[in-house]
Every structure is written in C-alpha cells, then in structure tokens.
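The structure under discussion appears below in the form of structure tokens.
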Amino acid sequence: MRSTVGPRGEPRPRSKGDPVPTLAVTIAEVRARIAAAKSDARVRGAAEPTVALVPTMGALHKGHLALVQRAAEVADIVVVSVFVNPLQFSESEDLDRYPRDLDADLGTLAGDAAGAGAIVFAPAAGEMYPDGKTQTKVTSGNVGNLLEGRSRAGHFDGVLVVVSKLLNIVQPDFVLFGQKDAQQVFVVSRMVRDLNIPVTVEVVETVREDDGLALSSRNRFLDERERLAARVLSRTLEAADSAADGGIDSVIAAAQSAGMGEPLVDLEYLSVVNPTTFLPVDDGYHGKAIVLVAARVGATRLIDNETVYLGG
C-alpha cells in the first residue's frame, strides 16, 4: 500500500492521477453521499451496508490513516470528517494556529487504499454552528475537569457537542478514535453508553515514530532540538511499564526519574488512572491502569499514555 505521508507523518504532495475521496461540505450533501454509497453497496451484494465514522480535525498523518484502515475493515462505507471544532479550544489556546490544509488531507487519503474510497465531510464552522455556539450543552462531568480538562477548560464539553452532532449527521454503526487521546475516548464512550447512542466505539492503538514519539498533528510545530527532546515522553511511559510489577509507587518513581533532566520539556502532569473510572488509582490497586503524561516541549503541548498492569 503506497503512503502519502513522510517519515514524520507529514503529507506528501498529491501526484496527478491519484484517486480523490468524495468530498461533501454540507450536512445535506454528506447525507446524500452516504445514502448513495449505501445504495451502491446493496447493488454489490451488501444486504445492510454499515458505516464507520473517523472524526478528525485534519492535518492528517499515519495515525489517522490507521483509523481509516480499521474503519474500512469493520464497515462497508468510511466517512472521514475534517473539522477544526472551535468549541474545544479554550480562550488561552490559539484556534487560528491549528494547521488546516484540506487539499493535503485529501491527498493523504487518496494515497491510501481505504482513504481513497472514503467520503470526506469537511464543513465550515457556519455549517456546523449556524447560530454560533450551541445553546444545548453536552457535559463531560467531573472527569472532564481532570487532567486535560484541568488544563483546557471546557475542552471535553466541546468535544462531546461536536461528536454528538457528527453522530447524528452521519448515523454511523462504528466511530473510531485513537488510544493516544485516552481521556477523549473515555468521555465519548461514556456519552454513547449514557445516552444509548446506537454506535460502537472502536479504539485503535497509538501509532508511533520509530523512536517512540506518538504521532500528532502538533509535532509539526517542533523544531529539531524540541523534536529530539520530545522523545522523553515515550521513555517516561516505557519506564512506567517496566516498573508496573512493583505497583503504583514504583511506576511513579520510575516515570519521574525517566522524565527528569530534559530542559526543553516542562512536565504538566503524570497520572495513573483506573480505565473504568478515569480516576487516579489507590495505593493498593492491582490490575489494568493507564499512565498518562502531558508536557510542553518549547511552545508545543503534547500528550501520551500507556496501558500497564500494576502488581503483575
């Protein structure tokens, strides 16, 4: 399978003749595209064609392609949304700085066997929020105020609003997210369960560079020195995993030790949570846990996580 992303996950220019995914920019248009795709699938023999949605904010890289490829495995029709959602940016974050290049995103998808056949839904903000911020709110609750939520006030409420809108617009059978955004996966999965939304949440393992750095659209903001320094996040998680047999105290000590001494990295939080509650584990906890880390590398904020098994 030919890839249109470079070794650091950035899109390469499209070649003339590359197939281009089907583009829809309005809600009515994407619904019509999905209906037509279902009709075509029935002609090809699919009795009840299924749809998978991959929500993204664009700046697509190999991590996104892994989601698209998994979507094509579980469903007949793949819809990739490309929308920079203003509701999930706090006042302290630069919404305008977030990378946007729809042509490059289409090129990235076009070079992938699964992505080339996708329907791309790329609405403007006015299409998704014609009256500005929605008056109807979806709250992420207490968990939404912890960790990422503490650093980015209102972030997860904004995520849940846009995801619920996308689920209502596309009405997929599956929706796919990356494990790198573990807290987002948790709050979305809980919303789906709490509101009885008829969709299956599929979680895809984090895609990493050869040196362990988790792929992120924000990696492009790192200069060469910062890019090298950022590897300390994955080393921190590796150390935590290696110490997991010793329990929570050993994990924290090993992770903190591995994360020290890198002057370009400012650790924001290191936490170990129970995956069923997303709350910090107790001192005597044994079993599956998620180690989460967030840090600023220069001016760029990065997150990562690793699943571990405490106490052997």
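The values are calculated or read from the model by the stated rules, or taken from the named source; none is laboratory data. As the structure is a prediction and not an experimental result, all values here were calculated from the model. No Cβ is skipped: glycine too gets one built from the backbone with ideal geometry, and neighbour counts run over all protein chains shown. Remember, those area values only see protein heavy atoms, side chains included, never the ligands or the DNA or RNA. Shrake-Rupley method; radii C 1.70, N 1.55, O 1.52, S 1.80 Å.
When you scan region 234-244, do you find a residue that is open to solvent by 30 Å² or more (accessible area, probe 1.4 Å), under 25 Å from Asn145 (Cα atoms) and outside the structural domain of Gln184 (by the TED database), even just one? No: zero hits.
Close Cβ contacts (under 6 Å, 6 or more residues apart or on different chains) running from residues in region 171-191 that are outside any helix (DSSP H, G or I) to residues that are modelled with pLDDT of 95 or more and of a type in the set (Ser, Thr, Tyr) comprise Asp173/Thr50; Phe174/Thr200.
Which of the residues that make up region 133-174 are among the β-branched types (Val, Ile, Thr) and either out of contact with any Asp or Glu (no Cβ under 6 Å at 6 or more places or on another chain) or over 20 Å from Arg193 (Cα atoms) (or both)?
From region 133-174, those among the β-branched types (Val, Ile, Thr) are 134, 136, 138-139, 143, 159, 161-163, 169-170; that's our starting set.
Hits for region 133-174 are Thr134, Thr136, Val138, Val143, Val159, Val161, Val162, Val163, Ile169, Val170.
When Glu238, Glu268, Glu262 are checked against the criterion of being in contact with a helix residue (DSSP H, G or I) (Cβ under 8 Å, 6 or more places away or on another chain), under 21 Å from Leu215 (Cβ atoms) and assigned to a helix (DSSP H, G or I), a single residue qualifies: Glu238. Annotation: Leu213 fulfils all but one of (1) farther than 19 Å from Ala294 by Cβ; (2) buried (at least 21 other Cβ atoms within 10 Å of the Cβ); the unmet one is (1). Looking across region 290-312, the residues that are in a strand (DSSP E or B), of a type outside the set (S, T, N, Q) and farther than 13 Å from Ala243 by Cα come down to Ile290, Leu292, Val293, Ala294, Ala295, Arg296, Val297, Arg301, Leu302, Ile303, Asp304. Would you check if Glu148 is closer than 16 Å to Phe278 by Cα, of a type in the set (Asp, Glu) and surrounded by 17 or more Cβ atoms within 10 Å (Cβ to Cβ)? Taking the combined requirement at face value, the residue satisfies it.
Check region 227-240 and report whether any residue there is of a type in the set (D, E, K, R) and modelled with pLDDT under 95. Reasoning before the result, please.
Filtering region 227-240 down to residues of a type in the set (D, E, K, R) leaves 227, 231, 235, 238.
From what is left, the residues that are modelled with pLDDT under 95 are none.
Taking every residue of region 227-240 in turn, none turns out to be of a type in the set (D, E, K, R) and modelled with pLDDT under 95.
When region 166-184 is filtered for residues that are in contact with a helix residue (DSSP H, G or I) (Cβ under 7 Å, 6 or more places away or on another chain) and of a type in the set (A, V, I, L, M, F, W, C), the ones remaining, listed by number, are Ile169, Val170, Phe174, Val175, Leu176, Phe177.
The selection criterion, being assigned to a loop (DSSP other than H, G, I, E, B), surrounded by 14 or more Cβ atoms within 10 Å (Cβ to Cβ) and on the phi < 0 side of the Ramachandran plot, holds for Leu60.
Cβ-Cβ contacts under 6 Å between residues 6 or more apart (or on different chains), taken from a first residue in region 80-102 that is closer than 20 Å to His61 by Cβ to a second residue that is modelled with pLDDT under 85 and not aliphatic (A, V, I, L, M), are listed as Val84/Tyr98.
Please go through region 119-134 and pick out each residue that is part of a loop (DSSP other than H, G, I, E, B), in contact (Cβ under 8 Å) with a residue 60 or more places away in the chain and open to solvent by 20 Å² or more (accessible area, probe 1.4 Å). Once the filter is applied, which keeps residues that are part of a loop (DSSP other than H, G, I, E, B), in contact (Cβ under 8 Å) with a residue 60 or more places away in the chain and open to solvent by 20 Å² or more (accessible area, probe 1.4 Å), region 119-134 yields only Ala124. A Cβ distance below 6 Å, combined with a sequence gap of six or more or placement on separate chains, defines the contacts here; from region 282-307, residues that are free of Cβ contacts under 8 Å to residues at least 60 places away in the same chain reach residues that are assigned to a strand (DSSP E or B) and not β-branched (Val, Ile, Thr) in the pairs Tyr285/Leu310; His286/Leu310; Lys288/Tyr309; Ala289/Leu310; Val291/Glu306; Arg296/Asp266. Looking across region 107-118, the residues that are open to solvent by 10 Å² or more (accessible area, probe 1.4 Å) and among the hydrophobic types (A, V, I, L, M, F, W, C) come down to Ala113, Ala114, Ala116. Residues in region 29-50 that are more than 23 Å from Thr200 (Cα to Cα), assigned to a helix (DSSP H, G or I) and at pLDDT below 95: Asp40, Val43.
Does region 178-188 contain at least one residue that is over 16 Å from the mean Cα position of the chain (by Cα) and β-branched (Val, Ile, Thr)? The answer is no, given that none of the residues of region 178-188 is over 16 Å from the mean Cα position of the chain (by Cα) and β-branched (Val, Ile, Thr).
Tallying residues that are open to solvent by 30 Å² or more (accessible area, probe 1.4 Å) and either over 24 Å from Phe221 (Cβ atoms) or of a type in the set (Ser, Thr, Tyr) (or both) within region 275-310 yields 13.
Per the conditions (1) closer than 25 Å to Arg208 by Cα; (2) assigned to a helix (DSSP H, G or I), the sole criterion not satisfied by Asp96 is (1).
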